[in-house]
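See below for the structure under consideration.
The values are calculated or read from the model by the stated rules, or taken from the named source; none is laboratory data. Treat the numbers as computed from the prediction; the structure is a model and nothing was measured. A quick note on method: Cβ atoms are made from the backbone with ideal geometry, for glycine too, and the neighbour counts reach across all protein chains shown.
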Amino acid sequence: MNAGVLFSLPALISQGLLKATDIYSSLSAGYYGFVHVLLLFAFMALSRIKNPEQLKNQPPGEWGKIIGLDRIPEVNCLRKKLSQIVSQGKAEEFGRVLSESWITEEECLYFYVDGHVRIYFGQEATLPKKFVSRQKLCLAGTTEYWVNDETGLPIMFIIGELNERLKDAIEKHIIPALLEDTKNIVDEDFLKNNPLQPRFTLVFDREAYEPAFFAKLWNEYRVAVITYRKNVKDEWSENEFKVTETDIFGNNVGVLLCEKEVVLANHTFREIRKLSEGGHQTSVLSSHYTISTALVAKKMFARWTQENFFRYLIYDFDFDKMIEYGITRINENTLVPNPEYSKLSYDIKKLKEKKARVDARLFACVEENIDASLDTVGDIIEKQVKLKDKQADLGIQINIALKQRAEIPARVALKNMPENRRYNKLKKEGKIFMNTIKMIAYRAETALLNSIRPFYKNADKDGRQVIKDIFTADADLSPDYTNNTLTVTLHSLASPRANSVAKNLCDILNETETVFPNTNLTIIFKTLSPHFTRDWES
């Protein structure tokens, strides 16, 4: 049962799952070793078993054979093993080793950066509120800052402590990590001879928009940016736009583009605009001067692959699951936005909005009085007097609130906040470890998806579903200790097209000659179903 998930093992190993054995120490003496637990967590993620409790509904003996034992650990035992892993505090090191290897292997120099808010519904932690775009509400939570490549594959992530802005996370955490990870693929002599060539390029949305920040990234780190421009008030003539062939999500399409040079905050940038059929102009800003207009547009619009990645992991991998309970204290000298200042700012904003509505009503009333007859002038004047009184009262309230806010610092040290309102943070070591396992699992699944593209023309449409069907299918395991082989024979799937994909995938996986971890058994992949050739094969 579920032994089809062993088809993912070559991909998991190629994505660096077993590199954890070079970083983590062995677990305390027991029946289940570190590799067994590591494989179990990866196989659980790919089989959509989202937490250890769901293993209660799975046959322990069948799952045990998948990881090379006669049974899997019960829930309490598995959680104790996870605690032993977490207690070593090496999850960030594991992630750093993986990100460097992925970047080096793929020679990736375009990085997509975005934040993901994990909502907190508990009572123990006191977390600052953040705007959650998918709920369109301000809710308590923590922010994870993710770095993906152009196809949406995850590379690394950073868990914020409080309410860091995206640009602060980029400068303090992401840039230093990427500088280290790209040092083996960046040619310093080439950069020296080509002054407009960036070291690498960051792509992000308007959240980190600040022209002075973009200039700082270039001047200090030689890092270019591609992002949407904010507050665009002018429109370019539609006659200036020309049809440009651009690759959008794998499709070569003609897009109306126009490029000009623009000066913002005393810094010069490239501005590329895309004209839609309805006449809307989407403005893209870039400090990368060595790529074409079409390529800038392609890189910017590929940002949606990261949004799709977030959505997929939330629904398929239980992305926001809390892994360990408990809180840790934050440095009490850390400066955070003053809650009292923020509340007064909110009150002032609402008072100004209310006054603006009163001003509008008063203006309409004055306009009405101009053409009013003598019979109605008295009522209109009385209405104006009431509105003026209300206008004056709101003005007084606004001035009082402004004076109160002026006496309060905008930011305050945590130690100066009341104890019951002082921010802290959730424990994050377990979350980092499990996120890393899910990153590897997602990349492994994607690697298998890319493997079936040459012989499955509907791979973009339902390729992932076919891969998931293989993972959850039954299979026979036949070890041969004489020839040192382990034959995994997949049972028939639900459709001829899926069986055809599985048959061709076996040929690809067998070429890897993967050895089952902690053994000398080379895995041989087979299928029970006959091979079909239909129009789903290209």
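Quick one: would you say Gln135 is out of contact with any Pro (no Cβ under 9 Å at 6 or more places or on another chain), polar (S, T, N, Q) and touching a residue at least 12 places away in the same chain (Cβ under 8 Å)? Yes.
Pairs are defined by a Cβ separation below 6 Å, a sequence spacing of at least 6 or placement on different chains, a first member in the range 80-92 that is of a type in the set (S, T, N, Q), and a second member that is not in a helix (DSSP H, G or I); the pairs so defined are Gln84/Leu27; Gln88/Tyr24.
From the list Ala294, Ala224, exactly one residue is at negative phi, out of contact with any Cys (no Cβ under 8 Å at 6 or more places or on another chain) and modelled with pLDDT of 95 or more. Which is it? Within the list Ala294, Ala224, the selection yields Ala224. Cβ-Cβ distances below 7 Å connect the following pairs, each with a first residue in the range 194-208 that is under 9 Å from Ala224 (Cα atoms), a second residue that is among the small types (Gly, Ala, Ser) and not in a loop (DSSP other than H, G, I, E, B), and a separation of six or more residues or different chains: Pro198/Ala224; Thr201/Ala224.
Restricting attention to the range 394-443, the residues that are loosely packed, with under 14 Cβ neighbours inside 10 Å, among the charged types (D, E, K, R) and in contact with a strand residue (DSSP E or B) (Cβ under 8 Å, 6 or more places away or on another chain) add up to 1.
Which of the residues spanning the range 39-62 are under 23 Å from Phe319 (Cα atoms) and in contact (Cβ under 8 Å) with a residue 40 or more places away in the chain? If the condition is that a residue be under 23 Å from Phe319 (Cα atoms) and in contact (Cβ under 8 Å) with a residue 40 or more places away in the chain, then Leu39, Phe41, Ala42, Phe43, Ala45, Leu46, Ser47, Arg48, Lys50, Asn51, Gln58 are the ones that fit. The residue list Asn518, Asn484, Asn504 contains one member that is in contact with a helix residue (DSSP H, G or I) (Cβ under 8 Å, 6 or more places away or on another chain) and at positive phi, which is Asn518.
Selection of the range 122-148 for residues being within 19 Å of Leu313 (Cβ to Cβ) and in a loop (DSSP other than H, G, I, E, B) yields Ser133, Arg134, Gln135. For the range 401-455: of the residues being free of Cβ contacts under 8 Å to residues at least 24 places away in the same chain and not in a helix (DSSP H, G or I), which is nearest to the chain's Cα centre (by Cα)? My answer is Pro418. Taking residues in the range 292-310 that are within 15 Å of Thr201 (Cα to Cα), and partners anywhere that are of a type in the set (A, V, I, L, M, F, W, C) and surrounded by fewer than 19 Cβ atoms within 10 Å (Cβ to Cβ), the pairs with Cβ atoms closer than 9 Å and at least 6 places apart or on different chains are Ala297/Ile248; Lys298/Ile248; Lys299/Ile291; Phe301/Ile248; Phe301/Phe249; Ala302/Ile248; Ala302/Phe249.
Condition check: among the charged types (D, E, K, R), farther than 30 Å from Gln306 by Cα and not in a loop (DSSP other than H, G, I, E, B). Does Lys503 satisfy that?
yes
Does the range 185-202 contain any residue that is within 30 Å of Ala125 (Cβ to Cβ), in contact with a Ser or Thr (Cβ under 9 Å, 6 or more places away or on another chain) and either in a strand (DSSP E or B) or of a type in the set (S, T, N, Q) (or both)? Checked the range 185-202: no residue is within 30 Å of Ala125 (Cβ to Cβ), in contact with a Ser or Thr (Cβ under 9 Å, 6 or more places away or on another chain) and either in a strand (DSSP E or B) or of a type in the set (S, T, N, Q) (or both). Looking across the range 220-253, the residues that are free of Cβ contacts under 8 Å to residues at least 40 places away in the same chain and either more than 21 Å from Arg206 (Cα to Cα) or in contact with a helix residue (DSSP H, G or I) (Cβ under 9 Å, 6 or more places away or on another chain) (or both) come down to Glu220, Arg222, Lys230, Ser237, Asn239, Glu240, Phe241, Lys242, Val243, Asn251, Asn252, Val253.
Which members of the range 203-238 meet the condition of being of a type in the set (Ser, Thr, Tyr) and either under 21 Å from Met300 (Cα atoms) or assigned to a helix (DSSP H, G or I) (or both)? Within the range 203-238, Tyr209, Tyr221, Thr227, Tyr228 qualify.
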